[in-house]
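First comes the structure, then the notes that go with it.
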Amino acid sequence: MKKILSIAALLAAMTGTAFAANYYDLTIVNPAVKVNVKAVATVKVTAKGDYRIDKNYPTRLTLTEPDGVTLDRDKLTIKDAKLTEKVVKFEVGLTAVSTGKKMITGELRGAVCTKNDCIPFNEKLSIDIDAK
């Protein structure tokens, strides 16, 4: 059992991070990063079941760049995202200016709805990079 959990943890570390809530999944894909070469991380929310992304909610992704990383933008709104009925996906452009492990921290706010109710969410997140 420990071996299976270790393999699952390793796969999650290699491909990104996923967080599950009752009404949506949050997935973060950390990019491979080379110094002074633009890379793109993705932050994606996928609504579950009958829930849909609320296109009218002021959805936003706010990021804080660490030393050694330059973000294309540190504030993104739903207008900056790729949007479908079930998915909102932000692409975060970044450039590392020095080698090493770095963590971009942030906060994602949005809402998922059914015909009868809406559930707002507020997620703290991190995008982990290892610039080579």
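The values are calculated or read from the model by the stated rules, or taken from the named source; none is laboratory data. Here the structure is a predicted model, which is why all the values come from computation and not from measurement. Positions of Cβ are generated from backbone atoms using ideal geometry, with glycine treated the same way; all protein chains shown enter the neighbour counts. Areas reflect the complete protein model, heavy atoms only, side chains present, ligands, DNA and RNA absent. Shrake-Rupley method; radii C 1.70, N 1.55, O 1.52, S 1.80 Å.
Here are the numbers for this structure:
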item: Above-threshold pairs, the threshold being 27 Å between Cα atoms, out of Lys101/Lys124; Lys75/Lys101; Lys48/Lys132; Lys82/Lys124; Lys79/Lys124; Lys48/Lys102; result: Lys48/Lys132; Lys48/Lys102
item: Within-9-Å neighbourhood charge of Asn122 [Cβ basis; K, R +1; D, E -1]; result: 0
item: Neighbour net charge for Tyr24 - beta-carbon separation under 14 angstrom, K R +1, D E -1; result: 0
item: Net charge over other residues, Cβ less than 13 angstrom from the Cβ of Lys86 (K, R count +1; D, E count -1); result: +2
item: Accessible surface of Glu91 - all protein chains present, 1.4 Å probe, nearest 10 Å²; result: 80
item: Contact order normalised by residue count of the range 49-132, Cα under 8 Å, 6+ apart, percent; result: 34
